[in-house]
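Asker: My questions will all concern the structure given below.
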């Protein structure tokens with residue numbers, strides 16, 4: 001079994017015929033187990049983002065700074081065509097200061113690989129920059145304090161498409177109470193600061209509900225189509 005087939009099966013896809021040969025994954029792509037090393041390697045020096053990260057480090061607008069180990073700002077190239085926005089750092093993210101470094105991160109790598117992306121192709125961040133205690137859901141006021149940081153990241157990264165992972169990420173960015181199911185299935189293309197947004201399930205949810213992986217793959221393909229030709233396909 002080749003590596004592409006293995007990762008497609010991880011996403012619940014038994015057969016995939018790409019319409020764009022230029023985006024075929026190759027066996028040389030390295031994902032999953034090397035996530036921690038690669039994430040550290042592709043943190044880039046950018047003065048605007050360095051200054052913004054410093055602002056996050058000293059932020060005391062909510063009580064999360066009292067319980068987190070470190071801030072988790074984001075990693076990836078600047079600019080980047082695709083930006084991933086999750087919900088909040090996990091315990092392992094909090095220890096390392098890097099988003100998506102645990103099992104959910106390994107599945108995220110598989111998700112990206114299934115549509116022809118390596119980790120260094122995308123910028124990855126979270127709605128919250130500090131881990132909530134015991135991994136509880138983010139509070140509305142915490143999200144409100146962090147949202148300006150995320151919007152500044154988006155403006156600096158200049159993505160062509162934003163892919164949100166989980167209900168919290170998309171509801172916070174769009175300032176909506178619509179469910180993830182409504183946002184996924186409405187057929188309406190949403191935007192944040194003029195950037196098309198595709199919502200899908202969080203990898204942590206997919207680990208608990210693997211039957212939803214094939215539905216998530218449809219969202220990934222829609223994001224990929226937007227990147228190819230700017231249409232929702």
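The values are calculated or read from the model by the stated rules, or taken from the named source; none is laboratory data. Predicted model only: the values in this text are computed from it and were never measured. For neighbour counting, all protein chains shown are included, and Cβ atoms are generated from backbone atoms with ideal geometry for every residue, glycine included.
Asker: When only residues in the stretch 119-138 that are on the phi < 0 side of the Ramachandran plot and assigned to a helix (DSSP H, G or I) count, which is surrounded by the fewest Cβ atoms within 10 Å (Cβ to Cβ)?
Answerer: Going through the qualifying residues, I end up with 133.
Asker: Right, here's the next one. Would you confirm whether any residue within the stretch 30-40 is within 15 Å of residue 124 (Cβ to Cβ), surrounded by 14 or more Cβ atoms within 10 Å (Cβ to Cβ), touching a strand residue (DSSP E or B) at 6+ places or on another chain (Cβ under 8 Å) and at pLDDT below 90?
Answerer: yes
Asker: Tell me the residue from 110, 90 that is at pLDDT below 95 and under 21 Å from residue 227 (Cβ atoms), please.
Answerer: On inspection, the qualifying residue turns out to be 110.
Asker: Filter the stretch 68-106 for residues that are over 16 Å from residue 201 (Cα atoms), in contact with a helix residue (DSSP H, G or I) (Cβ under 9 Å, 6 or more places away or on another chain), in contact (Cβ under 8 Å) with a residue 24 or more places away in the chain and not in a loop (DSSP other than H, G, I, E, B) and give the result.
Answerer: 75, 82, 91, 93, 96
Asker: Give just the number: which of (1) surrounded by fewer than 23 Cβ atoms within 10 Å (Cβ to Cβ); (2) farther than 18 Å from residue 77 by Cβ does residue 152 not satisfy?
Answerer: (2)
Asker: In addition: Please go through the stretch 194-209 and pick out each residue that is closer than 19 Å to residue 88 by Cβ and either assigned to a strand (DSSP E or B) or touching a residue at least 24 places away in the same chain (Cβ under 8 Å) (or both).
Answerer: Once the filter is applied, which keeps residues that are closer than 19 Å to residue 88 by Cβ and either assigned to a strand (DSSP E or B) or touching a residue at least 24 places away in the same chain (Cβ under 8 Å) (or both), the stretch 194-209 yields 197, 199, 200, 201, 202, 203, 204, 205, 206, 207.
Asker: Look through 105, 116 and report the one residue that is crowded, with 18+ Cβ neighbours inside 10 Å, modelled with pLDDT under 95 and over 15 Å from the mean Cα position of the chain (by Cα).
Answerer: Within the list 105, 116, the selection yields 116.
Asker: Of the residues 215, 178, 191, only one is surrounded by fewer than 20 Cβ atoms within 10 Å (Cβ to Cβ), more than 14 Å from the chain's Cα centre (by Cα) and in a strand (DSSP E or B); which? If you could, list the steps in order and put the result at the bottom.
Answerer: Values: 215 fails: in a strand (DSSP E or B); 178 fails: in a strand (DSSP E or B).
So the residue among 215, 178, 191 that is surrounded by fewer than 20 Cβ atoms within 10 Å (Cβ to Cβ), more than 14 Å from the chain's Cα centre (by Cα) and in a strand (DSSP E or B) is 191.
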